[in-house]
Amino acid sequence: MKIPMLNIVRAFGIAILFGAFGWSANADSDPKPKAPTVTVLGAVKDPGTYDYRVNMTVMDALTVSGGVVVDSADLSSATLTHDGKERPLDLTGLLKRGDLVNNVTLSPGDCIIVPENHSRVYVFGEVRRPGFCNLHANDRLVDVLAAVGGPLPTSDLDKISLIHISPKKNCAIFEKDDLGRYLRFGDGSANKLIQAGDCIYVPSKERSFRPQDLWVPLQKLHLLNDNARLIPPGDGGHCDLNHSIMLVSSLTRSVPRYILEL
């Protein structure tokens, strides 16, 4: 058997074999530098790592990642990590109002994270897309109605019903809202601030609101327990003749029952 001849080169006391095995003395002595990148993660259409470009901005990075997923992105809670330090990055103004304050220039290695929004609001009645929508920071009633396509022509915006679950008080707080005052006269108090878990019911102009109208929506949300019932006015002992009481169950297991005052 013929053994191939090996050439041995000694450099700094280290023997490097090459020749017969196709090795080169400088195979790894000059590795190519890695291209600079930025990373975009979370609720964007195509999360991943992308090539960095000179003067690349937050908007540029969001664009190459396909943009945010509108239905699930929590724009107000995004973050930017630079040199290992994380800072808040409120994308609400940038993407909704064109405010360029947060459209900062990025550096190689920066990472943008757009978290998913797990805060929901439920809207039923005379709206174009009844169901749930994601709640963003400082959203008010008109913002939520816009998110479900807006009210129908048959809607009665003067008699909107708003239910807020209050675990601290062990109850669901019911209030009526005359949004028409805001739309006609600019009364800001009628455009209420909405909280996560709220349920909004928009009635029809064709007939007056009945407590039973909320029954099916609340059942769909699993807010009503098996023993839920409407108590006639006065039966509760503390309500006046213009109210009724409905027993409902909690969204969380920690509180077994709510009392909803209508």
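Some observations on this one:
- Segment 63-78, residues that are under 14 Å from the mean Cα position of the chain (by Cα) and either aliphatic (A, V, I, L, M) or under 19 Å from Tyr52 (Cβ atoms) (or both): Val68, Val69, Val70, Ala73, Leu75, Ala78
- Boolean, Asp74 is in contact (Cβ under 8 Å) with a residue 24 or more places away in the chain, in contact with a His (Cβ under 6 Å, 6 or more places away or on another chain) and not assigned by TED's automatic domain parsing to the domain that holds Lys205: no
- Search result, residues across segment 37-53 that are surrounded by fewer than 16 Cβ atoms within 10 Å (Cβ to Cβ) and under 10 Å from Leu106 (Cβ atoms): Arg53
- Any hit, segment 141-152, residues being surrounded by fewer than 16 Cβ atoms within 10 Å (Cβ to Cβ), more than 21 Å from the chain's Cα centre (by Cα) and either at positive phi or of a type outside the set (Phe, Trp, Tyr) (or both): yes
Per-residue answers, yes or no, for (1) closer than 16 Å to Asp213 by Cα; (2) modelled with pLDDT of 85 or more; (3) assigned by TED's automatic domain parsing to the domain that holds Gly197:
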site	(1), (2), (3)
Arg129	no, yes, yes
Arg140	no, yes, yes
Leu145	no, yes, yes
Thr154	yes, yes, yes
Leu157	yes, yes, yes
Ile163	yes, no, yes
Asn170	no, no, yes
Glu175	yes, no, yes
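- Within segment 73-131, considering residues that are assigned to a strand (DSSP E or B) and small (Gly, Ala, Ser), the one farthest from Gly42 (Cα to Cα): Gly125
The values are calculated or read from the model by the stated rules, or taken from the named source; none is laboratory data. Just so it is clear, the structure is predicted and the values come from calculations on it, not from any experiment. No Cβ is skipped: glycine too gets one built from the backbone with ideal geometry, and neighbour counts run over all protein chains shown.
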